[in-house]
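Notes follow once the structure below has been shown.
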Amino acid sequence: MSMSLSAIVDREELGRLGGLLRVAKSDERHVARGKRLLLGLFVLALAGAVAALVALLRGHHVMGTTSEISWGVLIATYVFFVVSSTGLCLVSSLGHVFGFKVFEPIAKKAIFLALVTLLVGFTVIATELERPFRLMKYAIFSPNPAAPIWWMGTLYGVYMVLIGAELYYLFAEDHRRAKQFGLASVIAAVAAHSNLGAVFGLSHSRPYWYGPLLPVYFIASALVCGAALLILIVTVGDYFGNDKKLRPEHAPLLDALRKLLALFITIIAFFTIWKTITGVAGQHYHKLEVTLASLSGPLFVSFWLFEVVLGMLVPLVLLLGPWRRSWHAVGLAAFLPMLSVFVMRYNFVVSGQMFSLKPVTGHGGEQLSYFPPFKGNVEGFLPYTPSWVEVLIVAGAIAAATLGFVVGSRVLALESKEA
Amino acid sequence: MTRYAMTVDQKLCVTCNACVIACKNENQVPEGAARCWTVQVEKGSFPLLSLETRSERCNHCENAPCVTACPTGASHYEDGGIVVVNPDKCVGCKACIVACPYEVRYMHPEGYVDKCTFCIHRVREGLAPACVTVCPTKALKFGDLDDPRSEVHQELQTRQHKVLKPEEDTRPRLFFLT
């Protein structure tokens, strides 16, 4: 494996990759370290693949999910990957679709990563489903157009074809066609991703999710991911690919992305503030309890630390504060929201199920009450811990997407034709 | 038109769990799961306390959120409005589990979503569901809502009754006589 990888990624590249924080050199030590890094990603991806196979063969036995919390970390991971794909498509379209010249150099890489993350997302959801192949069959032969999941799956299928075509025409240097398919992709991306929001937003039985907020909120978080990932492509790409120096032609692009990311994070913060206030005000059944799970309950740390501090406050300070001219700070400020959006998705998916609609600890005679006598009592949340299989699939998926992008962009020579 | 329904008399139910066991045996419900269960709900505060006791299962809603949420039509309405999952069409996406306001569904170990079927295999042979036949206090009744001679029809004509979470607008066919 390391042989074939080093055939694709040349020695200098590996040296720079292995050099990490020191000045890049292509000496033996750094080449070896670069190989190890890629090999590590490959091994992690392989472990994920084995876990995925186990999940496909053994089904939900190997998951940490229960009858009460039946959507776990894999659903959150799927949402995370397609949110990334959607965001990349939307933000990069500013350049080759809507004609803002500053964004144009990033088009190919952005759409390529959008395709990679979408395919990885599809793989993750396939491992989560009990019968993924059956879905492909019955989504066509026995569709239920009333179901949000059907729309979400169908629209993402259409979106996949469209960004595939967009990428093809970008490579063919057919800018007119690329623009047309780019515009179609943007429309499909918004339709598909808002439908994913509607999968939760139409769950009438769960007031915390129900409502028109989620489709819009999902698009807003996609924009955060899109801008953050584009910054990462530029900064990490130049760090390893340009001797740790930002390419001068990337400076205006990075500055524009920095401002966009700050704007998108602010929008998410705005949504979060009002979601929280409406969650608590009015003491609405289920809304209140789930909101309190984040504010002061079991999700306290993942909400305040990961969503608010690391996902919003620190990135905003880095992006707008005195370090905004440092491209390292901007790179870090782009990494944090990615981490945060992942945790946000996890909190969002799991917390909506943590408060049982039928607060019962088990079946067959236990005490329960339908309308809890408490208001705001945050005890008695249902437990969910991802199993090792789930964790490995998540880690493998992230490794596979990274490896797919790094190796893919070398094979397709995305770098040389740009800039 | 036949509209199957069940009534549970909260005044007669003693939560003996005979229905739970009968259901498990009849439908070979896997360990750790249940299609039918009993609940005791405390109401009020001391000294004005009361205890509601009842046997619960799928509400076989006329406006079932699970049927709407199912992408492949695996969850569907059968004869008489009984809500049934077709295991061969179920892809295991669990959207129905999340959509159900009563949390009556579970993942079957064989990879599909399962729940109470009103013992449709028995109903088709003219028999009552297993839980109804074993209830020692005859708290459970099953029949056709549209048939004036059926026990459920008569009970609902003469007794005060309620459904769970009426605000969800699911129009349950499981009625609790109060």
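Computed quantities for the displayed model
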| read-out | value |
| --- | --- |
| Leading residue at positive end of dipole, chain A (Cβ point charges), from A:Val97, A:Leu316, A:Val394 | A:Val97 |
| Only Lys, Arg (+1) and Asp, Glu (-1) charged, at Cβ; the protein assembly as shown dipole about Cα centre in debye | 1040 debye |
| Other protein chain Cβ atoms within 10 Å, averaged over every residue that makes up B:98-109 | 6 |
| Nearest 10 degrees, 0 to 90: helix B:18-27 Cα axis against chain B principal axis | 20 degrees |
| Relative contact order computed over segment A:181-293 (Cα-Cα under 8 Å; 6+ residues apart), in percent | 25 percent |
| Pairwise centroid distance, computed over Cα atoms, of segment A:257-303 with segment B:79-146, Å | 38 Å |
| For segment A:27-172, with +1 on Lys and Arg beta carbons and -1 on Asp and Glu, the positive-most of A:Ile75, A:Leu37, A:Ala147 along the dipole | A:Leu37 |
| Exercise: per-residue mean of other protein chain Cβ atoms within 10 Å, A:196-208 | 3 |
| Under-5 Å amide H pairs with B:Leu140, H placed in peptide plane, nonlocal only | B:Asp9 |
| Gaussian network model of chain A, springs between alpha carbon atoms under 10 Å - residue of A:Ala397, A:Ala281, A:Ala228 with greatest fluctuation | A:Ala281 |
| Dipole magnitude of segment B:15-158 about its Cα centre (Cβ charges: Lys, Arg +1; Asp, Glu -1), debye to nearest 20 | 260 debye |
| 5 angstrom amide H check on B:Glu56, placed H, neighbours 5+ away | B:Trp37, B:Thr38, B:Val39 |
| For segment B:75-137, size of Cβ-based charge dipole, Lys and Arg +1, Asp and Glu -1, in debye | 100 debye |
| Tilt relative to chain A, helix A:213-241 - C-alpha long axis, 0 to 90 degrees, to 10 | 30 degrees |
| Positive-end residue of A:Leu183, A:Ala329, B:Val98, charge dipole of the protein assembly as shown with Cβ unit charges | A:Ala329 |
| Max mean-square fluctuation residue, GNM over chain A, Cα-Cα springs under 10 Å, options A:Ile111, A:Ile69, A:Ile163 | A:Ile69 |
| Whole-number percent relative contact order across chain A, with pairs defined as alpha carbons under 8 Å at least 6 apart | 25 percent |
| Fewest-first ranking of A:Val97, A:Val54, using other Cβ atoms within 10 Å as the exposure measure | A:Val54, A:Val97 |
| Surrounding net charge for A:Gln180, when Lys and Arg each add one and Asp and Glu each subtract one, Cβ distance under 10 Å | +1 |
| Ranked packing of B:33-39, A:62-68, most packed first, by mean Cβ within 10 Å | B:33-39, A:62-68 |
| Sequence-separation-based contact order of segment A:30-187, relative, with Cα cut under 8 Å and 6+ spacing, percent | 24 percent |
| MRE, 222 nm, helices only [DSSP H, n ≥ 4, -39500 (n - 2.57), over chain A, to nearest 500] | -23000 deg cm²/dmol |
| Within segment A:230-314, chymotrypsin sites (Phe, Trp or Tyr not before Pro) in DSSP loop having at most 13 other beta-carbon neighbours inside 10 Å | none |
| 10 Å Cβ neighbours from other chains, averaged over peptide A:64-72 | 5 |
| For chain B, the longest site-free run once GluC sites (Glu not before Pro) in DSSP loop states with at most 13 other Cβ atoms within 10 Å are removed | B:32-109 |
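Just so you know, all these numbers are worked out from the coordinates, no wet-lab data involved. Worth saying up front: this structure is predicted, and the values here are computed from it rather than measured. Note: ideal-geometry Cβ built from the backbone for every residue, glycine included; neighbour counts use all protein chains shown.
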